Amino acid sequence: MISLRNVLFSIFLTMCISHSNVVLSQGVLSSGQSWVSLSKPQKETLATLEEDWGTLSAEQKTKWIQLANKYEKLPQSDRDRLKSRMSDWAKLSVSERRVARANFIKSLEIPNDKKSEAWEAYQQLTPEEKKQLAEEAEKNKSKKPSLVNSPSLKN
């Protein structure tokens with residue numbers, strides 16, 4: 001079952017990648033880099049990914065390095081949030097990561113205004129309604145919930 005945390009993380013990654021304006025010519029090292037060739041600040045920023053670094057594709061490494069390069073320029077609240085999200089990602093199982101990646105790709109097809117509306121609608125739910133929604137999702141495990149079949153993102 002996909003948790004709300006996974007859905008939110010997918011949306012967060014969408015926003016990070018879509019707003020990234022750092023390019024290779026602005027200090028991102030070769031995308032095929034090994035962990036040991038990263039700079040000390042990059043290693044500190046990406047520490048939660050150290051174990052998985054060798055399994056990342058060149059494109060994934062490039063995106064993470066770009067994020068690490070702009071990390072120090074972020075406000076402290078954004079840095080704290082990013083560290084927390086990276087830590088959450090590192091804790092996900094392989095299958096949970098696969099689902100999160102699939103949701104991320106699907107989330108690119110959903111207009112940002114529709115995602116914002118869905119999030120706002122969810123925030124307006126009472127704790128009881130949120131609990132009921134979670135219980136409903138638990139009952140429908142076989143449907144493999146995702147961003148695409150989320151009740152609040154349907155037409």
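A short reminder: the numbers here are calculations on the coordinates, not readings from a lab. Quick caveat: nothing in here was measured; it's all calculated off a predicted structure. Cβ placement follows ideal geometry from the backbone for every residue including glycine, while neighbour counts extend to all protein chains displayed.
Which order do the peptides 112-121, 72-81, 44-53 come out in when sorted by mean C-beta neighbours inside 10 angstrom, highest first?
Peptide ranking by packing, descending: 44-53, 112-121, 72-81.
So which aspartates and glutamates pass the test for Lys40, namely a Cα distance under 15 Å, with those fewer than 8 places away in the same chain ruled out?
Glu50, Glu72
May I ask for the net charge around Leu82, where only other residues with Cβ less than 14 Å from the Cβ of Leu82 are counted and Lys, Arg are +1 while Asp, Glu are -1?
Spelling it out: positives minus negatives among the neighbours equals +2.
May I ask you to evaluate 6.51 cos²θ - 1.76 cosθ + 1.60, the Karplus curve with θ = phi - 60°, for each residue of region 96-103 and list the ³J(HN,Hα) values in order in whole Hz, giving x for glycine and proline?
Calculated HN-Hα couplings, in order: 5, 5, 4, 5, 4, 5, 4, 5 Hz.
First measure r as the distance between the Cβ atoms of Thr55 and Ile110, then evaluate 1/(1 + (r/R0)^6) with R0 = 35 Å and state the FRET efficiency to the nearest 0.05.
Calculated transfer efficiency: 0.80.
Along region 51-61, what does the Karplus equation 6.51 cos²θ - 1.76 cosθ + 1.60 (θ = phi - 60°) give for ³J(HN,Hα), rounded to whole Hz, x for Gly and Pro?
4, 8, 3, x, 8, 6, 6, 4, 5, 5, 4
With θ taken as phi - 60° and the coefficients 6.51, -1.76 and 1.60, list the Karplus ³J(HN,Hα) couplings across region 71-83 in order, rounded to whole Hz; mark glycine and proline as x.
4, 5, 7, 6, x, 4, 4, 5, 5, 4, 5, 4, 4
Mind giving me the FRET efficiency for Gln124 and Arg97? R0 is 41 Å, r the Cβ-Cβ distance, nearest 0.05 is fine.
So, using R0 = 41 Å, E works out to roughly 0.85.
Assuming R0 = 30 Å, what is the FRET efficiency of Leu133 and Ser87, from their Cβ-Cβ distance, to the nearest 0.05?
The formula returns an efficiency of 0.70 here.
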